[in-house]
Amino acid sequence: MYLDVASAAPWHPRALAAFSQVAEGFPGDPGRVHESGRRASDLLERARGAVAEELGGAPEGVVFTGGGTESIHLAVVGTAMVNRTRPRRIISSAVEHSAVLAAADRAAALYDHEHVVVGVDLDGRVRTEHLAELLAEGGAALVNVQHANHEVGTLQPLSAVARLCRQADALLHVDACQTAGRIDVDLGELGADYLSISAAKFGGGRGTGALLTSPRARLAAVTTGDERERHRRAGLQNLPGIAALAETLATLRPRSVSGEAAKRATVTDQVRRHLRTQLPGLVADLAIHGPTEETLPHILAFSALYVEGQALVSALDSQGFEVHSGSSCATTSGEPSHVLVAMHALTHGHVRVSFDDRFTLTDSEAFMRALARAVTTERARVQI
Amino acid sequence: MTPPCTPDFAGVQSGQTGPFIDSRGRPCPLPVIDLARAIAAAQPGQRVTLLADDPGAATDIPAWCRMRGQQLVDVQEYEDHSAYVVERTA
């Protein structure tokens, strides 16, 4: 069972179909004026319109990129590059995806800005009173607060954040990579100036993303060399990828309470709640991360005392359950997840499960039994 | 700053002697396991000092104390490791 959709979601059948149809049928460069170019351009602009419609922006504010990470860098570095009128400061929540923190560090170093991180509470919610203080004392050009956390699922208090940003005339970048295509995401309603999304996170394909921008957003291209995407991102657009992304969003219809996205969310949320309530009874000394409510339906993270996260991942993998760990033994950096650290949460023995609606309640029972066995085995090994 | 491996350090000064556990060089979750064993063997009110340099220890030792209802009395940071003083509660 694949329980790591938050890392990479399986392709939606409509994404696969759109990808191959467009790859085969639209070989032209949308920047050219010949017949093939015009057909490609029409398709590109239809996709742009569809993305704008699903995510609440204007088509001219949509920039297609090579994925969520690139969208994030464009928003953050691209803004710092042209910032002349706002304070030379970028504020990020402590639990942003590492791409956001890295982009802000880069923008600070290259374009002479200060990067300040604002802490979170024990549930992973950004401390809005601290953000208010930071904005009051020095303002900011850009504030980065994610829509929901990728490791534990916590939804951020964005209406409060947006209000603070508006009052301080700071631009707001919302990393919506984990929410786009799953729950209602609307640039305008969120009060955001930038929305970054990734096809790979909602089943819309791979290597394709978008950055939505508000009318007051000001940025320069990070990748330059031509005038594509209204001078905001050079390079031949990945038309098959873009078509897959747009088609999938339009199929999932995350704005509709009766759409596919909403139905999947209801099913996955049931399983998430079941896991949450049952796990503590099955596994002793287990801490479940993040709040029960106001959190994403498809993610659950927890840490078990006295065991290695990597050992749990391996044991579960051998039982057919593919999960992710943010423990230091499991990461490439050798450091524990900065999200868990910011939340003062137990970092060892950590497992994140993230799933779609194919993971049933019955499957979740089998998963919990496998987890309990793995934890027992590991604890017996260290005799604790 | 008084280095931890001398009798002047926190636990002895307070009059509540307790063991030192050197978990430097031990990767997570071993420092927390070492602490759990030491606290289990301690008397209520007794303090244990643990040295660790694992990056996760700074978060995990306080988290363990919270989860297990034990008292984190002091944390001292040194150049290449930290010292955690934990008191066993009742």
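How many Å² of accessible surface get buried when A and B come together, counting both sides, probe radius 1.4 Å, rounded to the nearest 100?
Numbers: alone 15600 and 5160 Å², together 19290 Å².
Looking at A and B, the buried total is near 1500 Å².
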In region A:338-384, accessible area falls by at least 30 Å² from chain alone to full assembly (1.4 Å probe) for A:344, A:346, A:347, A:348, A:382, A:384
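What per residue convex hull volume, in Å³, do the alpha-carbon atoms of the protein assembly as shown yield? Intermediate results must be reported in sequence, preceding the final value.
Values: hull volume 72.1 nm³, N = 474.
Taking the convex hull of the Cα positions in the protein assembly as shown, it is 152 Å³ per residue.
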Is it possible to state the helix-based mean residue ellipticity at 222 nm for the protein assembly as shown, with each DSSP H run of 4+ residues giving -39500 (n - 2.57), the sum divided by total residues, to the nearest 500 deg cm²/dmol? What is it?
-12500 deg cm²/dmol
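How high is the relative contact order of region A:239-384? Use alpha-carbon pairs under 8 Å, at least six apart in sequence, and give a whole percent. Can you show the working numbers first?
Numbers: 198 pairs, mean separation 35.9, N = 146.
Relative contact order of region A:239-384: 25 percent.
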Averaged per residue, what accessible area in Å² does region A:1-139 show with a 1.4 Å probe, protein chains only?
44
Label-reachable residues, region A:1-24, where backbone N falls under 16 Å from a point 7 Å from residue A:256's Cα toward its Cβ:
A:14
Over region A:1-60, what is the relative contact order in percent, taking alpha-carbon pairs closer than 8 angstrom and at least six residues apart?
16
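Over chain A, with every protein chain in place, what whole percent of the accessible area is carbon and sulfur at 1.4 Å, could you tell me? Intermediate results must be reported in sequence, preceding the final value.
Working: 7570 of 14910 Å².
Carbon and sulfur atoms account for 51 percent of the accessible area of chain A.
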Distance from a point 7 Å along Cα→Cβ of residue B:37 to each backbone N in region A:300-318: keep the residues under 15 Å and list them by number.
A:306-307
Whole-Å distance, taken between Cα centres, linking region A:22-95 and region A:197-249:
3
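Are there trypsin sites (Lys or Arg not before Pro) in region A:41-100 that DSSP marks as loop and that have at most 12 other Cβ atoms within 10 Å, and which are they? Don't jump to the answer; show the numbers that get you there.
Values: sites: A:46, A:48, A:84, A:88, A:89; in loops: A:84, A:88.
Sparse-neighbourhood loop trypsin sites (Lys or Arg not before Pro): A:84.
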For region A:105-226, what is the relative contact order in percent, using Cα pairs closer than 8 Å and at least 6 residues apart in sequence?
17
Within region B:40-63, name every residue whose backbone N is under 19 Å away from a label modeled 7 Å from Cα of residue A:383 along the Cβ vector.
B:40-42
Within region A:206-300, GluC sites (Glu not before Pro) in DSSP loop having at most 10 other beta-carbon neighbours inside 10 Å:
A:293
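The values are calculated or read from the model by the stated rules, or taken from the named source; none is laboratory data. Remember, predicted model here, so these are calculated numbers, not experimental data. Methodologically, a virtual Cβ is constructed for each residue, glycine included, from the backbone with ideal geometry; neighbour enumeration extends over all protein chains shown. For the accessible areas, the whole protein counts, side chains as well, though only heavy atoms, and no ligand, DNA or RNA atoms are used. Shrake-Rupley method; radii C 1.70, N 1.55, O 1.52, S 1.80 Å.
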